[in-house]
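Here's the structure we're looking at; comments come further down.
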Amino acid sequence: MAHDTPVRLGRTQLTITALGFGATAIGGMYTEVADDVAHDAVAAAWSAGLRYFDAAPQYGRGNGEVRLGRGLAPYPREDYVLSSKVGRLLRADAPPHPDDFDSTGRPYDAGAPDVATVYDYSRDGVLRSIEESLTRLGTDHLDIVLVHDPDDYVDEALDTALPTLIDLRDQEVVSAIGAGMNQTAALERFARESDPDMFLLANRYTLLEQTALQSFLPLCAARGIAVVAGAVFNSGLLADAGPGARYDYDPAPADRVARAHRLSQVCQRHGVPLKAAALQFPAAHPAVAAVLTGARNRAEVMENVTLFDQPIPDDLWTDLKDEGLLIADAPTPADRSAHDNR
């Protein structure tokens, strides 16, 4: 499946591309990004045919949305799908929030404005968040709105945030709603107790780990909930497992680095970049509608596009399973190719 393949987003009327562009990196995550470089990255994504763009207030504490909006400004609004998130407001008068810093005390977002994250999953908080995102993005509507990482606020998400988004969907203010998280347990609860259209699952269905196969992806498939696979490089570890590698947004533990090196060695035997396998693997699952990646400049965008489309020999996936690096029944691009050729 090519990166610009149109894909229906679950049971909604939205069509996205198989590869999407996320605004984490242009927000300045880990490394500061100049405005013109960020805008050029968005232009590169557009030129390459990407038509699915995702942001959140917390990405760069506002910078991600502002830069994405300015990068998309030249293009017809009806020609792309735009997503953002709720649950976190940005306030200049709030004290610094620990979640804005990694385990070493370093800010996640370089060059971010002097504002702090304030968690708010109330109805008023959701509506304020959307209004402020529209202003930063310079648009009049969002196609998709997701509840952002309510790990410690699951009940509030179920009681107020998700019902508010459902009301907005019923009023046709937005076209699709759901949640974006780095874990599956809460998302499974949302799937059973609410009415989401999609989930953005980060880090938990990747070449490095496939915990989502156990119950999450089968549940989504059974309920017609689309899944977008995000953070497919596991916060960078599958892009570069060298010194300073990160996993789950913090310095990578030794066992995760060792596993990444084993994955890389198998890929090297087949002449395949590890990043190509990491990009293509999640997209093979029938419940996964798209893969979402961040890129901080034009070169990274074009690399992701090229690697997403790069042919990979079927034997690579077989060898990864034989070495215990992939769960035996994990769907692979080889399975999708065989199905498409029937």
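The values are calculated or read from the model by the stated rules, or taken from the named source; none is laboratory data. This is a predicted model, so every value here is computed, not measured. Virtual Cβ from ideal backbone geometry, glycine too; neighbours counted across all protein chains shown. Please note that ligands, DNA and RNA were not included when accessible areas were found on the heavy atoms of the full protein model with its side chains. Shrake-Rupley method; radii C 1.70, N 1.55, O 1.52, S 1.80 Å.
Say whether the condition of being over 22 Å from A48 (Cα atoms), surrounded by fewer than 16 Cβ atoms within 10 Å (Cβ to Cβ), among the small types (G, A, S) and under 20 Å from the mean Cα position of the chain (by Cα) is met by at least one residue in the stretch 71-91. For the stretch 71-91, residues over 22 Å from A48 (Cα atoms), surrounded by fewer than 16 Cβ atoms within 10 Å (Cβ to Cβ), among the small types (G, A, S) and under 20 Å from the mean Cα position of the chain (by Cα): absent. Evaluating I166 against the criteria (1) open to solvent by 10 Å² or more (accessible area, probe 1.4 Å); (2) of a type in the set (V, I, T); (3) in a loop (DSSP other than H, G, I, E, B) leaves one unmet condition, (3). Return the residues of the stretch 218-230 that are touching a residue at least 40 places away in the same chain (Cβ under 8 Å) and either among the basic types (K, R) or surrounded by 24 or more Cβ atoms within 10 Å (Cβ to Cβ) (or both); say none if nothing qualifies. Residues satisfying the conditions are C220, A226, V227, V228, A229, G230. Would you call A94 open to solvent by less than 10 Å² (accessible area, probe 1.4 Å), of a type in the set (G, A, S) and part of a loop (DSSP other than H, G, I, E, B)? Judged against the criteria, A94 is not a match. The residue that is farthest from A157 (Cα to Cα), among those in the stretch 121-137 that are open to solvent by less than 50 Å² (accessible area, probe 1.4 Å) and among the hydroxyl-bearing types (S, T, Y), is S133. Taking the criterion of being β-branched (V, I, T) and out of contact with any Gly (no Cβ under 8 Å at 6 or more places or on another chain), the residues of the stretch 213-259 that qualify are V227, V232, V257. Screening the candidates V33, V42 for the property of being of a type outside the set (S, T, N, Q), part of a helix (DSSP H, G or I) and crowded, with 19+ Cβ neighbours inside 10 Å yields one hit, V42. A single member of T12, T5 is among the polar types (S, T, N, Q), open to solvent by 20 Å² or more (accessible area, probe 1.4 Å) and touching a residue at least 12 places away in the same chain (Cβ under 8 Å), and it is T5. Going through (1) in contact with a strand residue (DSSP E or B) (Cβ under 7 Å, 6 or more places away or on another chain); (2) more than 25 Å from F233 (Cα to Cα); (3) without any contact (Cβ under 8 Å) to a residue 60 or more places away in the chain one by one, A161 falls short only on (3). For the residues D155, D151, the requirement of being part of a helix (DSSP H, G or I), under 30 Å from Q214 (Cα atoms) and either in contact (Cβ under 8 Å) with a residue 24 or more places away in the chain or open to solvent by 70 Å² or more (accessible area, probe 1.4 Å) (or both) singles out D155. The set of residues in the stretch 309-335 being open to solvent by 60 Å² or more (accessible area, probe 1.4 Å) and either at pLDDT below 90 or not in a loop (DSSP other than H, G, I, E, B) (or both) consists of D309, D314, D315, T318, D322, D335.
On the given criteria, is A161 over 22 Å from G69 (Cα atoms) and surrounded by fewer than 16 Cβ atoms within 10 Å (Cβ to Cβ)? It is false that A161 is over 22 Å from G69 (Cα atoms) and surrounded by fewer than 16 Cβ atoms within 10 Å (Cβ to Cβ). When the residues of the stretch 97-145 are filtered to those that are part of a strand (DSSP E or B) and either among the β-branched types (V, I, T) or more than 21 Å from the chain's Cα centre (by Cα) (or both), the one that is farthest from R296 (Cα to Cα) is V118.
Selection over the stretch 233-270 of residues that are in a loop (DSSP other than H, G, I, E, B), more than 17 Å from the chain's Cα centre (by Cα) and in contact (Cβ under 8 Å) with a residue 40 or more places away in the chain gives a count of 1. For F190, the conditions (1) open to solvent by 30 Å² or more (accessible area, probe 1.4 Å); (2) more than 21 Å from N304 (Cβ to Cβ); (3) aromatic (F, W, Y) all hold with the exception of (1). Looking across the stretch 128-139, the residues that are touching a helix residue (DSSP H, G or I) at 6+ places or on another chain (Cβ under 7 Å) and either of a type outside the set (G, A, S) or modelled with pLDDT under 95 (or both) come down to R136, L137, T139.
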